[in-house]
Amino acid sequence: MLIDPFVVIAQIINFLILVALLKRFLYKPITDAMEARSQRIERQLATAASKEKDAEAEKKLYLQKQQELEAQKQAWLEEAKQEVEQEKARLTQQAQAEVEQVRSQWYRTLEHDRHKFIHQLRDRLGQQVAVTTRKALADLANANLETQIIDTFIDRLHNLDDLQKNTISTAPVPNPNHIINICSSFTIPEEKKERVITAIREQIAPNAEVQFEIVEDFICGIELRDQAMPGSLADRGYKISWHLEHYLTELETATAKVMSENNNRAA
Amino acid sequence: MNLTPDQTIFQQIGIIPINATLVFTWLIMVLLILGSWLITRKLSASTKISRGQNLLEVLVLGIKTQIEEVSQQKPEPYLPFIGTLFIFIAFSNLLSIIPGYQPPTGSLSTTAALAICVFFAVPLYGIRKQGLWGYFKQYYLQPTPFMLPFNLIGRFSNIISLSVRLFGNVMSGTMIVAILLSIAPLFFPIIMQAMGLLTGLIQAYIFAILAMVFIAAATSNT
């Protein structure tokens, strides 16, 4: 007989015991461990999801802040740029003004120097002309320049033109003192003074008092100034003169013109 | 040469014969329980686990998956019974590679005992799931009450086929190896032993799956 009832019953009991023991020592612990691990993984996944969500929020916040910083940076840059432009414009303007001022100053100095030079030139020229003329007259005509000037002046007094005569006749006569000044760059000899006084009293004012005066800044010549009293501004408004002033002024004007042209060409 | 390990009696205690079937069954039980206890006494719930725990988890998870696929139900209620069937049969078959060992599944008494367990487990699970009448109506009166005798014969034949199939396969494998050892002692027995390992595992799988199919048929609502 292949089936032994005793063995069958014993094996059934053995099997049931094995089921109970394996349930106790195998299935339950393993199932619990797997369940615990599963729950742990789920918790970790949930935590990871939460952290990911937080990280996403942090990322958004960070990006927003970064954008704000970028915008602020751009605004600052723009502002700084504008300030730099303004400062640049201001400094340029200031530099231009300073340059303009320096140039004006330089021009003024130049102009002053030019005037000074021309003035000096004119004085030197006048003196030189006077010296040369004097010497030429002395050498060629055996004549004195001052004497010639006085003679010419007296001659001009005797030969006044109509306009001058009209001016003298219409000028108001001051009362009581009518003083006529004779300004010269040199000392007039007494003989010539008498002739001058005579000519004045004949041609201009019979009762006028004639005063002679030497003027240092006169280059070479003689001049009649008709005025009420010495130092008074209320003169009668005319003068009769013969000297190098007129020629030298013309020379000064021509020289200044030439210098201006040279300056402009150089600039 | 004995046809069944029942005939190999180690000791006779009164009327109780301590034969190879019982001894090797106890040996397997001790090995399984001791091994399980050794491994499961320090389980880890973390992702870093020992090799033994990994082996047991793979084993238990595989059985649960198979139960779920066959029954289309939650595997937990059936795991201890079906799992123990599979592990016991597979272990007793795999140990046949050890010289001198006689697999308990090579005893018709053992396979009959296991089949009887299945025979009683089916109504127990069915009644627990659907109630007595629900189980009876579903399992014995389908498709019509007139089929009751045939259903009863079918249930008994299931038990017989289960037990005889397992016994026949294991016993024949052992016998073939024994015969080949006497005819061609080199190489062929080794090949047959290897084949025996495969057959043993397949038989364990078939036994457990069929038991689950019977239980599932009794517990399913359709």
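What is the sum of charges, Lys and Arg at +1 and Asp and Glu at -1, for the other residues whose Cβ falls under 12 Å from the Cβ of B:P75?
Numbers: positive: B:K64, B:K74; negative: B:E68, B:E69, B:E76.
Around B:P75, the surrounding residues sum to -1.
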Cross-link pairs beyond the 18 Å C-alpha cut-off, checked among A:K53/B:K48; B:K42/B:K74; A:K116/A:K239; A:K116/A:K257; A:K28/B:K64: A:K53/B:K48; B:K42/B:K74; A:K116/A:K239
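Looking at chain A, send over the antiparallel percent of its DSSP beta bridges, to the nearest 5. Mind showing how you got there, number by number?
On the way: 12 of 18 bridges.
Of all bridge pairs located within chain A, approximately 65 percent are antiparallel.
Size of the dipole of the protein assembly as shown about the Cα centre, Lys and Arg at +1 and Asp and Glu at -1 on the beta carbon, nothing else charged, in debye to 20?
On the way: 45 positive and 46 negative charges, 1104 e Å.
Dipole of the protein assembly as shown, to the nearest 20 debye: 5300 debye.
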Cα-based helix-to-principal-axis angle, B:20-40 vs chain B, degrees rounded to 10: 80
Relative compactness, chain A, computed as alpha-carbon Rg over 2.2 N^0.38 Å: 3.31
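Using only helices, what value at 222 nm comes out for chain B when you add -39,500 (n - 2.57) per DSSP H run of length 4 or more and divide by the total residues, to the nearest 500 deg cm²/dmol? Please list the in-between numbers first.
Details: 7 runs with 158 residues, N = 222.
Taking each H run of at least 4 residues, the total per residue is -25000 deg cm²/dmol.
Can you sort A:S184, B:S71, A:S169, A:S260 so the residue with the fewest Cβ neighbours within 10 Å comes first? It would help to have the intermediate numbers written out before the result.
Values: A:S184 23, B:S71 20, A:S169 8, A:S260 12.
So the residues, fewest neighbours to most, are A:S169, A:S260, B:S71, A:S184.
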Under Karplus coefficients 6.51, -1.76 and 1.60, residue-wise ³J(HN,Hα) of the range B:170-177 in Hz, glycine/proline x: 5, 4, 5, x, 5, 5, 4, 4
In order through the range A:23-35: 3J(HN,Hα) via Karplus (6.51 cos²θ - 1.76 cosθ + 1.60), integer Hz, x for Gly, Pro: 4, 6, 9, 10, 5, 5, x, 5, 4, 5, 5, 5, 5
Listed residues B:S92, B:S44, B:S157, most fluctuating in chain B (Gaussian network, C-alpha, under 10 Å): B:S44
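Within a 10 angstrom radius of each residue's Cβ in B:112-118, how many Cβ atoms of other chains show up on average? Whole number is fine. Let's see the in-between values first.
Values: counts 8, 11, 4, 1, 5, 5, 0.
If you average over the peptide's residues, the count of other-chain Cβ atoms is 5.
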Given charges at beta-carbon only (K, R positive; D, E negative), |dipole| of the range B:5-219 in Debye: 460
Residues of type aspartates and glutamates that A:K59 reaches as a straight line, Cα spacing below 19 Å, ignoring anything fewer than 8 places off in the same chain: A:E68, A:E70
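Quick one: longest stretch of chain B between exposed loop trypsin sites (Lys or Arg not before Pro), exposed meaning at most 11 other C-beta atoms within 10 Å and loop per DSSP?
Working: sites that count: B:R41, B:K42, B:K48.
Maximal segment without exposed cleavage sites: B:49-222.
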Value at 222 nm in deg cm²/dmol, rounded to 500, when DSSP H runs of n ≥ 4 in chain A each add -39,500 (n - 2.57): -25000 deg cm²/dmol
Amide proton proximity set for A:S241, modelled H, under 5 Å, gap of 5+: A:L224
Inter-centroid distance (Cα atoms) of the range B:40-59 relative to the range A:40-59, Å: 27
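If you add up the charges near A:S50, with Lys and Arg at +1 and Asp and Glu at -1, over every other residue whose beta carbon is less than 12 angstrom from its beta carbon, what do you get? The partial results should precede the final answer.
Values: positive: A:R43, A:K51, A:K53; negative: A:E52, A:D54, A:E56.
That works out to 0.
Using a Förster distance of 45 Å, how high is the FRET efficiency between B:A194 and A:L63, based on the Cβ-Cβ distance and rounded to 0.05? Mind showing how you got there, number by number?
Details: r = 65 Å, r/R0 = 1.44.
The computed FRET efficiency comes out at 0.10.
How much length is gained on full extension from A:A97 to A:E52, taking 0.36 nm per residue of separation minus their Cα-Cα distance? Don't skip to the end; give the middle numbers.
Working: separation 45, 0.36 × 45 = 16.20 nm, distance 6.51 nm.
Taking A:A97 through A:E52 to full extension adds about 9.7 nm, to one decimal.
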For the range B:1-32 and the range B:69-116, distance of Cα centres in Å: 17
Net lengthening on full extension, B:L27/B:V164 (0.36 nm per residue, minus Cα-Cα): 47.0 nm
Among A:I12, A:I182, A:I214: highest mean-square fluctuation, GNM of chain A, C-alpha pairs under 10 Å: A:I12
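For the range B:125-205, which chymotrypsin sites (Phe, Trp or Tyr not before Pro) pass both filters: DSSP loop (anything but H, G, I, E, B) and at most 14 other C-beta atoms within 10 Å?
On the way: sites: B:Y125, B:W133, B:Y135, B:F136, B:Y139, B:Y140, B:F146, B:F150, B:F156, B:F167, B:F187, B:Y205; in loops: B:F187.
For chymotrypsin sites (Phe, Trp or Tyr not before Pro) across the range B:125-205 that sit outside H, G, I, E and B with at most 14 neighbouring Cβ atoms in 10 Å, the list reads B:F187.
Each reported figure results from applying straightforward, stated rules to the coordinates on display, with no laboratory input. Predicted model only: the values in this text are computed from it and were never measured. In this analysis, Cβ positions are derived from the backbone assuming ideal geometry, glycine residues included, and neighbour counts consider all displayed protein chains.
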